[in-house]
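Comments concern the structure below.
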Amino acid sequence: TLCNKSQDGLIAPSKQFAKPPSPPPSAEKLTDQREAKMGKASYKKLTGSQNLRQRLVLAALASTPVLIEDIRAEETWPGLRPHEVSFLRLLEKVSDDCVVEINETGTKLKFKPVIVMGGRNLVHDCGLSRAVGYFLEPLFVLGLFAKKPLTITLKELKASNLWFWNTNDSKDPSVDTFRSTTLPMLKHFGVPSERLDLKIQSRGSAPQGGGEVFLSIPIVQSLTAVNWTDEGMVKRIRGVTFSTTVSTKFENTMVYAARGIFNLLLPDVHVFTDHKSGPQAGHSPGYGISLVAETTSGCCISADTAISYSRGEDIAELEDEGKKELMPPEDVGVQIANILLGEIEQGGVVDSTHQGLLFLLCALFPQDVSKGTQGSIVLRRHGKGESQEEEERAVDLSGQVHLLPCSIKFNGPSNVSQYFKPKPTGIESEGLRTQEACFRGRKLQGASISVPDGYSGFVLGKKSLGKRNLSDNSDGSSNCWEMNAKYKSITYWNHDSLPSQDDGFLRCFHWLSVAKSMHKPTTAEDLVSASAALEKMN
């Protein structure tokens with residue numbers, strides 16, 4: 001007799017007798033079956049590198065093949081970045097029968113997932129391009145819905161044993177933020193505390209890294225719907241500072257600076273220190289801080305940053321990187337404290353870093369509906385009316401923006417008004433009211449120019465540290481910019497000559513008049529006048 005597995009999992013004898021084996025299939029039938037299995041997969045076509053991680057994560061969870069084309073096809077360095085290729089290799093390790101195909105230029109990617117398996121004692125080489133936070137964010141989602149519990153060690157596997165990835169940098173959330181904020185957030189969705197762990201074996205700072213992290217994620221049958229609308233009031237501040245191959249005074253200074261701000265608001269503030277030395281300190285100097293505001297309703301709002309030298313591949317790296325001065329630790333503590341206060345002011349049950357993860361988890365519920373209170377930092381970033389809203393909120397610096405004929409490298413804030421004091425001369429040259437000033441002992445002559453009607457000038461700055469999140473579309477982009485201020489007039493300066501209408505800076509505005517004339521709609525009166533002019537010429 002045959003043995004069948006019953007519904008309760010026990011083995012019971014069957015009353016049916018074994019049938020004779022069927023004849024082997026023909027060659028034509030085998031070919032048809034092979035084509036049905038391999039071949040005619042229906043790929044969902046996408047373009048561009050935006051939200052690459054999110055696309056791949058959702059494709060893996062839904063077992064949907066995707067074809068992504070034109071990946072930075074028009075850029076100077078086209079194709080996938082090293083950290084994106086490393087992430088694809090990570091997907092191969094946690095998935096079963098996953099197929100990844102990349103063309104020679106890296107601008108075209110085929111990703112065909114089957115099932116997320118998980119697995120124990122996995123090890124992955126993360127590389128140097130991005131910190132561990134880049135890989136941890138999607139791993140949390142994939143691990144929850146894997147077939148088996150996931151335990152993985154993220155580290156570098158090169159034979160030289162000299163290059164490791166970074167546990168902390170300014171682009172991605174730090175491992176401390178994941179431990180103090182992301183793990184408690186997952187528990188709100190019914191993720192069990194058992195086997196949910198993140199351990200820092202060693203730390204590493206850019207550019208040479210040296211870190212190692214162990215991650216353990218249990219599996220869940222389904223997430224629990226949440227009604228997360230009560231933000232609560234902040235009851236305490238917790239945090240941790242870290243330093244690698246630098247003095248412990250850096251950490252004490254950051255703690256003192258951050259506490260100096262928060263102790264004015266509430267007494268329960270504790271920031272711990274985590275100084276690493278020797279093999280656990282990596283190969284590059286660095287320091288940073290991660291702060292968490294815990295509320296009465298169990299919400300955790302976080303902000304973090306890490307200070308270290310830039311990687312060599314960063315496009316905006318200074319030419320003399322070796323002489324670059326890092327931000328003082330006191331300024332780091334003040335800056336991250338202000339960023340956390342800004343996150344709290346925006347409202348919501350999670351900070352802007354975790355908004356993308358929150359919405360992704362809510363979307364993975366079978367049928368239940370979840371509710372959550374959110375701030376508007378991240379969502380407005382992708383809205384159509386974002387530019388107009390940002391322009392309305394931007395500070396107007398008209399009359400305070402100067403274009404100097406010299407190069408000034410930024411190494412920290414300074415009170416410029418103490419030594420740069422423009423004064424009107426009372427002289428008007430070619431319709432321009434001139435000014436004079438001295439800069440580093442050299443006399444300058446300048447004039448204020450109004451921006452033409454219909455145009456505005458903007459002051460851009462690198463994106464704030466508190467505005468990074470899983471749903472950001474800047475994967476692979478070294479620099480992200482945001483609007484800091486606007487202006488309608490600018491003062492430009494010459495060294496030895498009075499400003500003139502023949503100056504190149506002023507002549508560039510002539511192109512705006514040319515463009516306006518070229519694109520101006522033609523009226524019937526214009527055609528009549530043009531015809532009359534041609535007749536006179538003939």
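The values are calculated or read from the model by the stated rules, or taken from the named source; none is laboratory data. As the structure is a computational prediction, the values presented were derived from the model and not from experiment. Positions of Cβ are backbone-derived with ideal geometry, glycine not excepted, and every protein chain shown enters the neighbour counts.
Here are some notes:
- Qualifying residue in the stretch 34-43 (condition: more than 23 Å from V132 (Cβ to Cβ), at pLDDT 90 or above and outside the structural domain of A363 (by TED's automatic domain parsing)): yes
- Taken together, L91, L139 contain a single residue that is without any contact (Cβ under 8 Å) to a residue 60 or more places away in the chain, within 30 Å of S193 (Cβ to Cβ) and not assigned by TED's automatic domain parsing to the domain that holds G288, which is L91.
- Residue match in the stretch 482-493 (condition: in contact with a Leu (Cβ under 9 Å, 6 or more places away or on another chain) and acidic (D, E)): yes
- Residue in the stretch 173-203 that is surrounded by the most Cβ atoms within 10 Å (Cβ to Cβ), counting only those that are among the small types (G, A, S) and out of contact with any Lys or Arg (no Cβ under 9 Å at 6 or more places or on another chain): S174
- Residue in the stretch 275-298 that is under 17 Å from I200 (Cβ atoms), over 22 Å from the mean Cα position of the chain (by Cα) and at pLDDT 80 or above present: yes
- Strands (runs of 3 or more DSSP E) fully within the stretch 200-308 counting 1 or more residues that are among the charged types (D, E, K, R) and either farther than 26 Å from K155 by Cβ or in contact (Cβ under 8 Å) with a residue 60 or more places away in the chain (or both): 234-244, 269-276, 286-295, 300-308
- Qualifying residue in the stretch 177-189 (condition: assigned to a helix (DSSP H, G or I), within 21 Å of H275 (Cβ to Cβ), more than 19 Å from the chain's Cα centre (by Cα) and modelled with pLDDT of 90 or more): yes
- Hits in the stretch 394-421 - residues which are under 28 Å from the mean Cα position of the chain (by Cα) and surrounded by fewer than 10 Cβ atoms within 10 Å (Cβ to Cβ): F410, G412, P413
- Enumeration of residues in the stretch 113-130 that are in a strand (DSSP E or B) and either free of Cβ contacts under 8 Å to residues at least 40 places away in the same chain or surrounded by fewer than 19 Cβ atoms within 10 Å (Cβ to Cβ) (or both): I115, G119, R120, N121, L122, V123, H124, D125
- Every residue from the stretch 220-247 that is exposed (fewer than 14 other Cβ atoms within 10 Å of the Cβ) and in contact with a Lys or Arg (Cβ under 7 Å, 6 or more places away or on another chain): N227, T229
- Verdict on L58 being outside the structural domain of L357 (by TED's automatic domain parsing) and either within 30 Å of G288 (Cβ to Cβ) or surrounded by fewer than 17 Cβ atoms within 10 Å (Cβ to Cβ) (or both): no
- The residue of the stretch 515-538 that is farthest from L404 (Cα to Cα), among those that are under 53 Å from the mean Cα position of the chain (by Cα) and exposed (fewer than 10 other Cβ atoms within 10 Å of the Cβ), is A524.
- Test result for V132, at negative phi, touching a Gly at 6+ places or on another chain (Cβ under 8 Å) and modelled with pLDDT under 90: yes
- Criterion applied to D351, D368 was being at pLDDT below 85 and in the same structural domain as A258 (by TED's automatic domain parsing), and the one residue passing it is D368.
- Within the stretch 519-538, residues that are outside the structural domain of G454 (by TED's automatic domain parsing) and on the phi < 0 side of the Ramachandran plot sit with their Cβ atoms under 9 Å from residues that are outside any helix (DSSP H, G or I) and of a type in the set (S, T, Y), at 6+ positions apart or across chains, in these pairs: A530/T522.
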